Amino acid sequence: MTIPEIVRQGALLGIATLLTAVLAYAAVNDVRERKIPNWTVLTCLGLFVAWAVFHPLNWDLWALGAGVVAFLITFGLYMGGVIGAGDSKLFAAVALFTGMGQLAILALATAVIGGVVAIAGFLIRPTRGLVMLKMRGRGDFGRGVPYGVAIALASGALVWAAALGAHLPGYPG
């Protein structure tokens with residue numbers, strides 16, 4: 001491994017570590033307060049710029065396109081009351097890291113993990129779960145499933161796989 005490759009790999013691991021910390025904060029805050037702070041989304045965007053500089057793939061309009069598509073779809077879900085505004089913004093920001101090739105994988109992983117989080121919440125507090133079912137997910141005064149947790153876990157796994165050099169479906173090369 002050459003010096004530039006070592007620097008590049010170290011930078012990607014550093015960016016993945018920082019992103020993980022930011023996503024963890026967003027997830028914990030979403031569980032506690034059902035809000036994802038805007039600074040976490042902005043930090044993800046800044047980390048993507050650094051990621052794009054060091055990642056070996058050609059990040060171009062496909063990465064930006066993934067962010068736009070993710071935002072448009074999640075904004076529609078937000079307008080329909082399915083997810084929160086913070087979830088929409090965070091998902092769009094992390095979609096930049098995966099690009100268009102893995103956007104579907106990110107969405108599927110987020111949905112599956114979100115379902116597991118919902119089931120776990122139901123099992124931990126069954127009375128609350130029954131109220132949420134009856135109120136169509138809006139029990140506890142409008143506090144639904146904290147999808148920030150699912151977004152953080154799904155995107156974190158994909159970013160770490162890419163940082164470690166895993167060959168994932170949808171990634172060129």
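Worth pointing out:
- Residue check for Ala109: out of contact with any Phe, Trp or Tyr (no Cβ under 7 Å at 6 or more places or on another chain) and modelled with pLDDT under 95: no
- Total residues in the stretch 75-113, condition without any contact (Cβ under 8 Å) to a residue 24 or more places away in the chain and touching a helix residue (DSSP H, G or I) at 6+ places or on another chain (Cβ under 6 Å): 4
- Among residues of the stretch 1-22 that are in contact (Cβ under 8 Å) with a residue 24 or more places away in the chain and within 15 Å of Val94 (Cβ to Cβ), those with a beta-carbon under 6 Å from a residue that is assigned to a helix (DSSP H, G or I) and among the small types (Gly, Ala, Ser) at least six positions away or on a different chain give the pairs Ile15/Ala50; Ala16/Ala163; Thr20/Gly156.
- Lone unmet requirement of (1) at pLDDT below 90; (2) touching a helix residue (DSSP H, G or I) at 6+ places or on another chain (Cβ under 9 Å); (3) not charged (D, E, K, R) for Phe141: (2)
- Number of positions in the stretch 75-118 that are open to solvent by less than 20 Å² (accessible area, probe 1.4 Å), under 23 Å from His167 (Cβ atoms) and small (Gly, Ala, Ser): 2
- Taking the listed residues Leu123, Leu72, Leu61, the one that is in contact with a Gly (Cβ under 9 Å, 6 or more places away or on another chain), without any contact (Cβ under 8 Å) to a residue 24 or more places away in the chain, of a type outside the set (Gly, Ala, Ser) and open to solvent by 70 Å² or more (accessible area, probe 1.4 Å) is Leu123, with no other qualifying.
- Of the residues making up the stretch 32-45, those that are surrounded by fewer than 13 Cβ atoms within 10 Å (Cβ to Cβ) and either modelled with pLDDT of 95 or more or of a type in the set (Val, Ile, Thr) (or both) are Asn38, Trp39.
- Residue among Val69, Val53, Val49 that is of a type in the set (Val, Ile, Thr), out of contact with any strand residue (DSSP E or B) (no Cβ under 8 Å at 6 or more places or on another chain) and under 19 Å from Thr110 (Cα atoms): Val69
- Some residue of the stretch 46-54 being surrounded by 15 or more Cβ atoms within 10 Å (Cβ to Cβ), at pLDDT below 95 and either touching a Gly at 6+ places or on another chain (Cβ under 8 Å) or on the phi > 0 side of the Ramachandran plot (or both): no
- Ile15 meets all of the listed conditions (1) over 17 Å from the mean Cα position of the chain (by Cα); (2) surrounded by 15 or more Cβ atoms within 10 Å (Cβ to Cβ); (3) modelled with pLDDT of 90 or more but one, namely (1).
- Residues that are hydrophobic (A, V, I, L, M, F, W, C) and more than 12 Å from Val145 (Cβ to Cβ) within the stretch 112-129 comprise Val112, Leu123, Ile124, listed in sequence order.
The values are calculated or read from the model by the stated rules, or taken from the named source; none is laboratory data. Please read all numbers here as calculations on a predicted model, not as lab measurements. Ideal geometry is used to build each Cβ from the backbone, glycine not excepted, and the neighbour counts take in all protein chains shown. Ligands, DNA and RNA are stripped out before the accessible areas are found, and what is left, the full protein with its side chains, is counted by its heavy atoms. Shrake-Rupley method; radii C 1.70, N 1.55, O 1.52, S 1.80 Å.
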